[in-house]
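In what follows, a single structure is set out as structure tokens and then discussed.
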Amino acid sequence: MQRDTVIFDLINKELYRQRNGIELIASENFTSLQVMQAMGTVPTNKYAEGYPGKRYYGGCEVVDEIETLAIERLKKVFNASWANVQPHSGAQANVAVFLACLKPGDKILGLDLSMGGHLTHGSPANFSGKNYQAHFYGVKRETGLVDYEHLEETARREKPKMIICGASAYSRDWDYKRIRAVADEIGALVMADIAHPAGLIATGLLNDPFDHCHIVTSTTHKTLRGPRGGIIMLRHDFENPFGIKDPKGNTRLMSSLLDLAVFPGMQGGPLEHVIAAKAVAFGEILDDSFKAYGQQVISNAQAMAKAFVSRGYQLISDGTDNHLMLIDLRNKNLTGKKAQETLDKAHITLNKNAVPFDDKSPFVTSGIRVGVPAVTTRGMKEPHMETIVSMIDKVLMNADDEALLATVKNEVKEFMQQFPLYPELG
Ligand code: DSN
């Protein structure tokens with residue numbers, strides 16, 4: 001078979017794009033070379049439906065070792081007692097939790113997508129809003145902080161079976177204990193989706209959800225800096241309080257119901273090559289250097305927030321505790337769409353994002369979301385955040401000056417030469 005130069009040329013083009021641009025999408029990161037290498041390996045050839053020691057195929061003895069190591073390392077990262085590393089994505093992890101805990105039509109309560117929540121937390125466009133009766137809490141207009149009073153009132157009124165905490169565009173930490181208190185009052189489960197801040201939680205830099213939330217899900221590719229994928233974890237196992245049973249009608253512990261929900265509930269064969277890469281990433285997180293990375297992420301985010309504020313940008317909640325910030329551009333007479341498209345021309349990548357109480361559609365939006373996990377992996381420190389913000393400001397304040405955008409694109413390329421990405425790839 002001839003080498004597929006068309007696709008490999010495009011992959012090289014993407015490497016060039018990643019190397020020479022400034023990556024500020026809050027949900028993106030750069031894996032280590034060994035994480036990437038593990039993904040492109042022979043376990044991709046293996047079918048392994050089931051779990052280590054209980055597979056539906058022969059020849060699983062090696063992938064059993066890989067998956068067991070991934071599970072054991074992940075449990076250590078979060079001090080969990082049980083973990084499932086098979087979900088193909090964070091969305092799949094959430095599907096499995098809903099399948100294991102709820103019946104179609106049950107009520108759930110999550111952060112509104114338009115206030116920073118996630119599609120899988122009850123959006124009408126998603127399985128979570130189609131199959132379950134979704135209710136929402138929001139953030140306070142004056143502060144941009146989660147409106148816990150509204151959450152509590154809605155929980156007491158609607159009595160959802162599950163309260164979901166976690167967000168895609170929220171720059172502050174969570175009061176998991178307070179959410180658990182109201183959940184206990186009404187007999188609800190609490191699920192924390194920590195996809196965004198997981199790496200900062202793993203290193204003890206943000207509040208720990210595990211003692212307060214019954215079930216924790218995450219992606220592995222954001223602040224955890226692993227391959228694209230999902231995970232589900234429990235620190236304390238328990239019996240499903242709503243009488244959900246396995247397909248044979250037996251009562252089982254939640255860990256077992258969750259395993260059944262992932263496979264055979266909603267997935268077939270696990271991606272063992274990705275699980276191998278997850279194991280490598282979890283090993284990296286257990287190394288002391290990862291804590292330093294997490295600390296630098298937070299310092300960089302705070303330096304970046306300060307640099308935006310000093311130029312008159314309005315940050316939702318006035319700052320950040322984590323790796324991202326949400327900026328309302330209305331006082332700059334720009335939409336999120338225009339900002340994203342203009343910054344793209346200068347090779348500065350981020351995404352348009354609705355801000356709380358936005359008056360524009362999700363395709364236009366009034367804001368942008370800016371995150372620092374990827375640039376921190378590239379080796380940037382606080383002073384570099386000032387440089388980036390000055391370039392962003394120059395672009396946004398001259399959005400229709402194509403010549404200037406081309407000049408900034410060159411400046412960006414030159415700036416990024418200080419922070420090599422995968423030099424081993426030539
Ligand atoms: N979690 C979303 C993001 O934050 O970009 C993608 O689903």
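The single condition from (1) small (G, A, S); (2) more than 24 Å from G187 (Cα to Cα); (3) surrounded by fewer than 20 Cβ atoms within 10 Å (Cβ to Cβ); (4) touching a residue at least 60 places away in the same chain (Cβ under 8 Å) that G58 fails is (4).
For region 329-373, enumerate the residues that are within 16 Å of the ligand (Cβ to nearest atom), part of a strand (DSSP E or B) and in contact (Cβ under 8 Å) with a residue 24 or more places away in the chain. Result: T349, N351, N353, G367, I368, R369, V370, G371.
In region 118-148, the residue that is nearest to the ligand (Cβ to nearest atom) out of those that are in contact (Cβ under 8 Å) with a residue 60 or more places away in the chain and out of contact with any helix residue (DSSP H, G or I) (no Cβ under 7 Å at 6 or more places or on another chain) is H118. Each residue in region 154-173 was checked for being more than 16 Å from the ligand (Cβ to nearest atom) and either in contact with a helix residue (DSSP H, G or I) (Cβ under 8 Å, 6 or more places away or on another chain) or more than 20 Å from F357 (Cα to Cα) (or both), and 10 of them qualify.
Residue-by-condition table, conditions (1) touching a helix residue (DSSP H, G or I) at 6+ places or on another chain (Cβ under 7 Å); (2) not small (G, A, S):
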{"site": "G336", "(1), (2)": "no, no"}
{"site": "D358", "(1), (2)": "yes, yes"}
{"site": "P362", "(1), (2)": "no, yes"}
{"site": "P373", "(1), (2)": "yes, yes"}
{"site": "G379", "(1), (2)": "no, no"}
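Looking at T387, T376, T365, just one residue is polar (S, T, N, Q) and at positive phi, and that residue is T365.
Taking region 114-147 only, how many residues are part of a helix (DSSP H, G or I) and touching a strand residue (DSSP E or B) at 6+ places or on another chain (Cβ under 8 Å)? Residues in region 114-147 being part of a helix (DSSP H, G or I) and touching a strand residue (DSSP E or B) at 6+ places or on another chain (Cβ under 8 Å): 4 in total.
Can we say A70 is out of contact with any Pro (no Cβ under 8 Å at 6 or more places or on another chain), over 24 Å from S128 (Cβ atoms) and surrounded by 19 or more Cβ atoms within 10 Å (Cβ to Cβ)? The answer is yes for A70.
Which residues, counting only those in region 71-93, are of a type in the set (D, E, K, R) and touching a residue at least 40 places away in the same chain (Cβ under 8 Å)? If the condition is that a residue be of a type in the set (D, E, K, R) and touching a residue at least 40 places away in the same chain (Cβ under 8 Å), then R73, K75, K76 are the ones that fit.
For region 292-320, the tally of residues that are over 23 Å from I22 (Cα atoms) and out of contact with any helix residue (DSSP H, G or I) (no Cβ under 8 Å at 6 or more places or on another chain) stands at 1. Highlighted here are the helices (runs of 4 or more DSSP H) found entirely within region 3-93 that include at least 2 residues which are under 30 Å from F238 (Cα atoms) and aliphatic (A, V, I, L, M): 61-78.
Quick check: anything in region 274-284 touching a Leu at 6+ places or on another chain (Cβ under 8 Å) and either more than 30 Å from P87 (Cα to Cα) or modelled with pLDDT under 95 (or both)? No, region 274-284 has no match at all. Exactly one residue out of D106, D64 is touching a strand residue (DSSP E or B) at 6+ places or on another chain (Cβ under 8 Å), away from the ligand (no atom under 16 Å from the Cβ) and under 30 Å from K159 (Cα atoms), and it is D106. The residue that is farthest from the chain's Cα centre (by Cα), among those in region 187-241 that are within 15 Å of the ligand (Cβ to nearest atom) and without any contact (Cβ under 8 Å) to a residue 60 or more places away in the chain, is A192.
Taking the listed residues S32, S81, S27, the one that is hydroxyl-bearing (S, T, Y) and within 16 Å of the ligand (Cβ to nearest atom) is S27, with no other qualifying. Here M115 meets each of (1) in contact (Cβ under 8 Å) with a residue 60 or more places away in the chain; (2) under 25 Å from A202 (Cβ atoms); (3) within 16 Å of the ligand (Cβ to nearest atom) with one exception, condition (2).
The values are calculated or read from the model by the stated rules, or taken from the named source; none is laboratory data. Note that the structure is predicted; figures quoted are calculated from it, not measured. Please note: Cβ atoms are built from the backbone with ideal geometry, for glycine as well, and neighbour counts cover all protein chains shown.
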